Amino acid sequence: MIRGLRGAITIESDKPELVWDETARLVREVVAANNVEIDDIASILISTTPDITSAFPARAVRLMDGWQYVPVMCTHEMDVPEALPLCIRVLIHANVEVAQKDVKHLYLNDAVKLRPDLAQAK
């Protein structure tokens, strides 16, 4: 069955290398935590806070070895006052054989503030 695997990460500044490196790190860690193979992924939606404009985070996924056929799309989050800055979020739609409550969602760096109830200790 298809499940949504969530994750978020913050970056120190809006630089292309940080956008790409941290996006790739987040996607790899969410997939690894949930024992997902590339062929089990239906699509990935990536959002950034409006203060990230230097690079498309989807590029990081498209350049990962073996990931070129995974559909990936980027968008901006709503511009809400006092929202966590410099944040990249992912929603990975994947076929997994676990109950919804057993999906592992990862929140890295300062993104642990978003969902401390779901953040996984690393």
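Accessible surface of GLU22, taken over heavy atoms with a 1.4 Å probe and every protein chain present, rounds to 30 Å². Mind checking which aspartates and glutamates have their C-alpha under 17 Å from LYS104, skipping anything on the same chain fewer than 8 residues away? Result set, ordered by chain and number: GLU29, GLU37, ASP40, ASP117.
Scalar couplings 3J(HN,Hα) for region 65-72, obtained by applying the Karplus form with A = 6.51, B = -1.76, C = 1.60 to θ = phi - 60°, are 4, x, 9, 5, 9, 6, x, 10 Hz; x denotes Gly and Pro. Using C-alpha pairs below 8 Å separated by at least 6 residues, the relative contact order for the chain is 41 percent. Under the simplified labelling scheme, the ARG62-ALA99 pair shows an inter-label distance of 4.0 nm, with each label point 7 Å from Cα along Cα→Cβ. Karplus-derived 3J(HN,Hα) values for region 28-44, using 6.51 cos²θ - 1.76 cosθ + 1.60 with θ = phi - 60°, are 4, 6, 5, 5, 5, 4, 9, 6, 9, 8, 3, 5, 8, 8, 7, 5, 9 Hz; glycine and proline are entered as x. Applied to region 100-111, the Karplus parametrisation 6.51 cos²θ - 1.76 cosθ + 1.60 on θ = phi - 60° returns per-residue 3J(HN,Hα) values of 3, 5, 9, 5, 9, 9, 10, 10, 10, 6, 6, 5 Hz, with x for Gly and Pro. Segment MET73..GLU37, full-extension length gain: 11.0 nm, with 0.36 nm per residue of separation and the alpha-carbon distance subtracted. Using only alpha carbons, region 51-122 has a radius of gyration to Kirkwood radius ratio (Rg to Rh) of 0.98. In the chain, the portion of solvent-accessible area held by carbon and sulfur atoms comes to 53 percent [1.4 Å probe, whole percent, DNA, RNA and ligands not counted].
Amide H to amide H under 5 Å from CYS74: which residues, 5+ apart in sequence or cross-chain, H placed 1.01 Å off N in plane? For CYS74, the qualifying residues are ILE46. Rolling a 1.4 angstrom probe over the protein heavy atoms with all chains in place gives the chain an accessible area of 57 Å² per residue.
The values are calculated or read from the model by the stated rules, or taken from the named source; none is laboratory data. Just so it is clear, the structure is predicted and the values come from calculations on it, not from any experiment. Cβ atoms come from the backbone with ideal geometry, glycine included; neighbour counts cover every protein chain shown. What goes into the accessible areas is simple: the full protein's heavy atoms, side chains included, and nothing from ligands, DNA or RNA. Shrake-Rupley method; radii C 1.70, N 1.55, O 1.52, S 1.80 Å.
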